[in-house]
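Since the structure comes first, as structure tokens, the remarks are kept for the end.
The values are calculated or read from the model by the stated rules, or taken from the named source; none is laboratory data. Note that this is a predicted model, so its numbers are computed, not measured. As a convention, Cβ positions derive from the backbone with ideal geometry for all residues, glycine included, and neighbour counts pool all protein chains shown. Heavy atoms of the whole protein, side chains included, go into the accessibility calculation; ligands, DNA and RNA do not. Shrake-Rupley method; radii C 1.70, N 1.55, O 1.52, S 1.80 Å.
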2 protein chains.
Amino acid sequence: MQSPAVAHRHFINGAAAPSSPLLRLKPIPSTSSPFSVRMSLREDAPSIAVVGVTGAVGQEFLSVLSDRSFPYRSIKMLASKRSAGKKYTFEDNEYVIEELTADSFNGVDIALFSAGGSISKEFGPIAANCGTVVVDNSSAFRMDAGVPLVIPEVNPEAMSHIKLGTGKGALIANPNCSTIICLMAATPLHRRAKVLRMVVSTYQAASGAGAAAMEELELQTREVLEGKRPTCNIFKQQYAFNLFSHNAPVLPNGYNEEEMKLVKETRKIWNDKDVKVTATCIRVPVMRAHAESVNLQFASPLDENEARDILKKAPGVVVIDDRAGNRFPTPLEVSNKDDVAVGRIRQDESQDGSHGLDIFVCGDQIRKGAALNAVQIAEMLL
Amino acid sequence: MQSPAVAHRHFINGAAAPSSPLLRLKPIPSTSSPFSVRMSLREDAPSIAVVGVTGAVGQEFLSVLSDRSFPYRSIKMLASKRSAGKKYTFEDNEYVIEELTADSFNGVDIALFSAGGSISKEFGPIAANCGTVVVDNSSAFRMDAGVPLVIPEVNPEAMSHIKLGTGKGALIANPNCSTIICLMAATPLHRRAKVLRMVVSTYQAASGAGAAAMEELELQTREVLEGKRPTCNIFKQQYAFNLFSHNAPVLPNGYNEEEMKLVKETRKIWNDKDVKVTATCIRVPVMRAHAESVNLQFASPLDENEARDILKKAPGVVVIDDRAGNRFPTPLEVSNKDDVAVGRIRQDESQDGSHGLDIFVCGDQIRKGAALNAVQIAEMLL
């Protein structure tokens with residue numbers, strides 16, 4: 001039976017509600033067995049640092065490391081001065097959160113960064129120079145020529161030259177959440193029929209703007225239901241029972257930075273300068289998981305049934321496509337799940353000769369969209 | 001100063017909350033002046049019937065008639081047996097709601113129908129045979145060859161042969177809400193550069209599924225915030241803090257009926273069998289207004305600045321496109337408004353030579369998406 005707290009969290013898409021462990025500095029309820037927990041602490045395993053451990057993604061790093069029994073010799077919990085000194089229990093061991101400094105990375109093999117772009121820009125290269133392999137969840141280095149931008153199921157080869165224990169550090173970038181979720185579904189089809197053009201419209205959750213945005217959505221919703229003016233701190237407009245164009249800065253071409261990430265990151269990850277992508281990114285009042293409506297144009301014909309079979313076999317993808325029962329992926333259903341869900345797989349009748357498909361994709365923004373993908377990258381280093 | 005009730009309604013997109021007049025059988029607060037109210041009751045004006053007066057759209061019919069000082073000699077309030085006999089005050093006069101029967105339309109010049117497709121199928125032709133001009137908000141007759149499908153700003157010519165006072169009745173269909181809102185923005189651009197293909201993704205409000213769905217969204221949200229299991233009566237899955245593929249039945253081609261309405265109604269309204277449209281219709285936890293992400297492909301090049309100028313001059317359209325301030329249309333902003341708002345107007349870089357645009361459109365589903373458009377059709381008969 002679920003505890004009220006867990007049920008609550010589940011019902012609002014794993015919302016980082018004040019009542020939820022996800023936002024508070026306390027042990028993550030580990031779903032891994034005591035055996036796997038014991039196994040994960042090993043002398044021959046790498047030493048890890050988590051940068052931004054108190055954030056929503058930082059907390060999810062720990063949750064995913066524990067769930068997947070990621071082996072480690074030691075873990076450094078790094079955060080801002082504000083959190084330094086606080087005690088933190090993880091997998092039966094007590095840790096003290098340390099302030100992130102230039103000396104934090106001595107002897108650290110792998111550092112998982114999710115503390116914002118400016119922290120990554122400052123401390124990522126410092127860590128790499130200490131011989132640490134950095135997996136960075138920010139956008140700081142994603143488009144740098146020398147930095148692999150990796151989705152393990154999509155382009156693992158991009159980081160094949162990076163090894164642990166060579167004393168040589170490196171930077172590896174985690175793609176943007178919308179890109180990861182979109183390409184988890186589009187890549188298996190791209191390999192079969194080559195995508196020429198994608199038209200993407202997103203339905204993005206609060207979690208993409210961090211834990212505070214998730215709290216603001218819940219607070220605003222309570223306020224609105226009580227007939228009060230909603231508190232707008234994170235976003236400058238009402239979010240509850242509303243939606244709006246993604247809050248990323250708008251560039252001179254009229255697209256916002258979130259949209260251009262989908263365009264540019266897709267080209268880099270697919271190593272295809274010619275693939276055409278246009279995106280409209282919208283923030284919807286959903287707590288934790290993103291949805292994306294994706295229209296695909298292919299170089300070769302691709303039948304919807306073959307596409308469905310390809311996606312059913314794709315790693316990290318689950319197909320939910322029940323037309324009779326009108327059951328398709330929803331953000332709630334994929335919240336706190338690892339797999340990206342794909343459905344509404346249908347031949348686009350506005351394109352000739354089976355060269356087009358429409359699909360609908362949902363994925364947990366914090367998990368596969370961020371923490372899980374980063375930990376999977378780290379796993380490839382072992 | 002707003003009353004708490006009004007404020008509440010405003011904040012949740014004009015939500016049909018139990019506390020909201022929109023759902024209850026009481027006078028609509030008229031925004032028209034006493035003078036215009038007096039003017040609207042005239043002996044030389046047509047007699048009107050409102051079919052489905054107790055529904056969300058039926059209530060909005062009255063609100064719009066009053067706001068626009070629509071002239072009438074008399075109004076019949078028609079509903080199901082359940083509501084028959086109830087007293088109802090509208091523009092200072094008291095009415096008794098009558099049960100809809102085959103005899104309801106004797107002497108009625110114009111009937112506004114919004115009581116569902118089956119009621120329209122049964123009573124629409126009966127009314128037309130009585131010499132009544134029926135403006136039907138259901139999908140019952142939209143694709144019938146002999147029935148004009150009209151957006152007054154788009155294709156008024158389609159109903160030019162229908163006149164009042166000839167004793168000849170007729171059926172006129174109101175397009176589907178998503179089609180109206182999309183074409184209000186796309187048509188002015190279509191006239192200039194001819195749309196070859198549209199890729200539409202919708203963000204549809206609860207109001208499209210009626211008053212009960214709006215109540216269910218509010219109830220579910222309260223339940224979820226209290227950690228309770230949400231009540232699912234109208235929709236079979238959780239709606240609060242979630243979104244899902246539109247609940248319309250899915251057809252053999254994999255598109256649902258809502259999506260195919262956009263495809264087929266666009267062709268009929270534009271009188272263009274060749275225009276290509278593909279749509280993905282999604283229900284989002286917003287109360288009253290729809291949003292649509294529309295990717296357009298044109299036969300001739302169309303510069304985004306010219307497109308913006310065209311839309312600024314388009315009747316019934318307001319442009320909200322502040323890139324510097326990151327301010328664009330939102331459902332909340334257009335709720336209870338007549339105009340459709342368009343923004344995010346930008347050249348689609350995934351298409352060659354300025355032949356593509358991306359736009360984002362918001363419109364009040366109950367107002368321009370239903371009641372207002374129907375009353376505008378009735379105004380063209382005067």
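Points worth noting:
- Residues in the stretch B:159-181 that are crowded, with 19+ Cβ neighbours inside 10 Å and of a type in the set (Ser, Thr, Tyr): B:178, B:179.
- Filter result for residue A:248 (part of a loop (DSSP other than H, G, I, E, B), under 24 Å from the mean Cα position of the chain (by Cα) and either at pLDDT 95 or above or not aromatic (Phe, Trp, Tyr) (or both)): yes
- One residue stands out in the stretch A:207-247 among those that are of a type in the set (A, V, I, L, M) and either open to solvent by 10 Å² or more (accessible area, probe 1.4 Å) or more than 9 Å from chain B (Cβ to nearest Cβ) (or both): the one that is nearest to residue B:289 (Cα to Cα), namely A:225.
- Selection of the stretch A:321-332 for residues being within 22 Å of residue A:188 (Cα to Cα) and surrounded by fewer than 18 Cβ atoms within 10 Å (Cβ to Cβ) yields only A:322.
- Residues of the stretch B:187-206 that turn out to be away from chain A (no Cβ under 14 Å) and in a helix (DSSP H, G or I), as a count: 7
- Of everything listed in (1) surrounded by fewer than 16 Cβ atoms within 10 Å (Cβ to Cβ); (2) at pLDDT 95 or above, the single unmet condition for residue B:44 is (2).
- Residues located in the stretch A:295-319, provided they are open to solvent by less than 20 Å² (accessible area, probe 1.4 Å) and either among the small types (Gly, Ala, Ser) or more than 10 Å from chain B (Cβ to nearest Cβ) (or both): A:296, A:298, A:302, A:307, A:311, A:314, A:317
- Selection count, the stretch A:261-281, where residues are among the β-branched types (Val, Ile, Thr) and not in a helix (DSSP H, G or I): 4
- The lone exception for residue B:264 - which of (1) open to solvent by 10 Å² or more (accessible area, probe 1.4 Å); (2) touching a Leu at 6+ places or on another chain (Cβ under 6 Å) it fails: (2)
- Residue B:326 closer than 22 Å to residue A:241 by Cβ, more than 21 Å from the chain's Cα centre (by Cα), free of Cβ contacts under 8 Å to residues at least 24 places away in the same chain and within 11 Å of another protein chain (Cβ to nearest Cβ): yes
For (1) more than 9 Å from chain A (Cβ to nearest Cβ); (2) in contact with a Gly (Cβ under 7 Å, 6 or more places away or on another chain); (3) within 26 Å of residue A:274 (Cβ to Cβ); (4) open to solvent by 10 Å² or more (accessible area, probe 1.4 Å), each residue gets a yes or a no:
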site	(1), (2), (3), (4)
B:334	yes, yes, no, no
B:348	no, yes, yes, no
B:354	yes, no, yes, yes
B:360	no, yes, no, no
B:366	yes, no, no, no
B:369	yes, yes, no, no
B:375	yes, no, no, no
B:379	yes, no, no, yes
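- Highlighted here are the strands (runs of 3 or more DSSP E) found entirely within the stretch A:78-158 that include at least 2 residues which are open to solvent by less than 10 Å² (accessible area, probe 1.4 Å): A:87-90, A:110-113, A:133-136.
- So residue A:353, is it touching a Pro at 6+ places or on another chain (Cβ under 6 Å) and either in a loop (DSSP other than H, G, I, E, B) or of a type in the set (D, E, K, R) (or both): yes
- Matching residues, the stretch B:267-284, being basic (Lys, Arg) and either over 16 Å from residue B:154 (Cα atoms) or open to solvent by less than 10 Å² (accessible area, probe 1.4 Å) (or both): B:273, B:276, B:283
- Filter pass, residue B:213 being within 23 Å of the chain's Cα centre (by Cα), over 30 Å from residue B:355 (Cβ atoms) and aliphatic (A, V, I, L, M): yes
- For residue B:169: the one exception among (1) of a type in the set (Gly, Ala, Ser); (2) touching a helix residue (DSSP H, G or I) at 6+ places or on another chain (Cβ under 6 Å); (3) within 13 Å of another protein chain (Cβ to nearest Cβ): (3)
- Sole exception among (1) away from chain B (no Cβ under 11 Å); (2) part of a helix (DSSP H, G or I) for residue A:338, by number: (2)
- Screening A:292, A:258 for residues that are at negative phi, touching a His at 6+ places or on another chain (Cβ under 6 Å) and either in a loop (DSSP other than H, G, I, E, B) or surrounded by 20 or more Cβ atoms within 10 Å (Cβ to Cβ) (or both) leaves exactly one candidate, A:258.
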